[in-house]
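Okay, structure first, notes after.
Read-outs: derived from the displayed coordinates by stated rules, not from any lab. As the structure is a computational prediction, the values presented were derived from the model and not from experiment. Here Cβ is always computed from backbone atoms with ideal geometry, including for glycine, and neighbour counts include all displayed protein chains.
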Amino acid sequence: MPTSTRGFASMDPEKQRAIARKGGESVPNEKRSFAQNPALAAEAGRKGGMSVSPQKRSFSQDHELASSAGRKGGHASHGSTRKRPTPTE
């Protein structure tokens with residue numbers, strides 16, 4: 001039973017696929033997939049990194065901060081009801 005009659009998720013699955021196909025078709029073939037072109041992915045990553053000023057690249061300058069954020073993200077993505085092993089397990 002749908003909870004809403006609005007939005008993408010409530011559409012007929014075939015209509016969702018048709019809309020999603022249009023999004024993929026709007027990108028030129030040579031830029032469709034980073035998985036198919038590692039050089040393109042690397043170039044995009046460099047561009048993204050260069051758009052942030054060095055003073056604001058805190059993760060690259062503070063390894064402990066990056067590690068802490070990664071742990072927090074991992075805990076959040078697995079939910080709080082998940083049983084965590086104790087150090088003796």
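I'd like the GluC sites (Glu not before Pro) in the range 1-71 restricted to DSSP loop residues with at most 16 other Cβ atoms within 10 Å, sorted by number. All intermediate terms of the calculation are to be shown ahead of the outcome.
On the way: sites: Glu14, Glu25, Glu30, Glu43, Glu64; in loops: none.
In loop regions of the range 1-71 (DSSP not H, G, I, E or B), there are no sparsely surrounded GluC sites (Glu not before Pro).
Which whole-Hz ³J(HN,Hα) couplings does the range 7-21 yield from phi under the Karplus relation 6.51 cos²θ - 1.76 cosθ + 1.60, θ = phi - 60°, glycine and proline marked x?
Listing the rounded values in order: x, 4, 5, 8, 6, 4, x, 5, 5, 4, 4, 4, 5, 4, 4 Hz.
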